[in-house]
1. Over the stretch 23-88, what is the relative contact order in percent, taking alpha-carbon pairs closer than 8 angstrom and at least six residues apart?
2. Roughly what % of Cα-Cα distances in the stretch 23-88 sit above 17 Å, to the whole percent?
3. Take the alpha carbon atoms of the stretch 51-86, find their center, do the same for the stretch 23-42, and report the distance between the two centers in whole angstrom.
4. Contour minus end-to-end for D49 and I72, with contour as 0.36 nm per residue of separation and end-to-end as the Cα-Cα distance?
5. Treating only the Cβ of Lys, Arg, Asp and Glu as charged (+1, +1, -1, -1), what charge dipole size does the stretch 23-88 show about its Cα centre? Round to the nearest 20 debye.
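Derivation of every value follows stated rules applied to the coordinates shown; laboratory data play no part. Just so it is clear, the structure is predicted and the values come from calculations on it, not from any experiment. A quick note on method: Cβ atoms are made from the backbone with ideal geometry, for glycine too, and the neighbour counts reach across all protein chains shown.
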Amino acid sequence: MGKRDWRERLTSLLDLPGDLLRDLARVTLVGDRHLAVENHWGLVEYAGDRVVLRTPQGMLAVTGTDMVIRQITADTVVLAGQVTGLQFLG
C-alpha cells in the first residue's frame with residue numbers, strides 16, 4: 001500500500017477533512033473581499049491586480065483589484081481586496 005493510499009484510507013476511516021492528512025491547499029474565500037490560502041509553498045508573483053502562489057496542486061493565480069497581503073507565514077497567505085478570479089494553472 002502506497003503512502004497516498006494509507007493517508008486516504010485513514011482520512012476516510014476517521015471521517016476527517018480530506019486536506020488534513022494529504023498535501024492539499026485549503027482556499028477560503030469570504031465574499032469577494034478576503035482570501036486565505038493554507039498549505040502554500042511560496043509566493044511567485046505579487047501585484048495589486050494579480051497574486052500567484054505555488055501550491056501542492058500547482059500554481060494558483062488570484063486576480064482582482066486593490067489586493068494587499070494582510071498576512072504571510074510559512075504555510076498561510078491572507079489577501080484582502082476585491083477578488084475577481086481564482087485559477088489553478090496546473
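1. Reported relative contact order: 32 percent.
2. Within the stretch 23-88, distances greater than 17 Å cover 27 percent of Cα pairs.
3. Going from one Cα centre to the other spans 7 Å.
4. Result for the pair: 6.5 nm of gain on full extension.
5. Working: 5 positive and 7 negative charges, 7 e Å.
Dipole size: approximately 40 debye.
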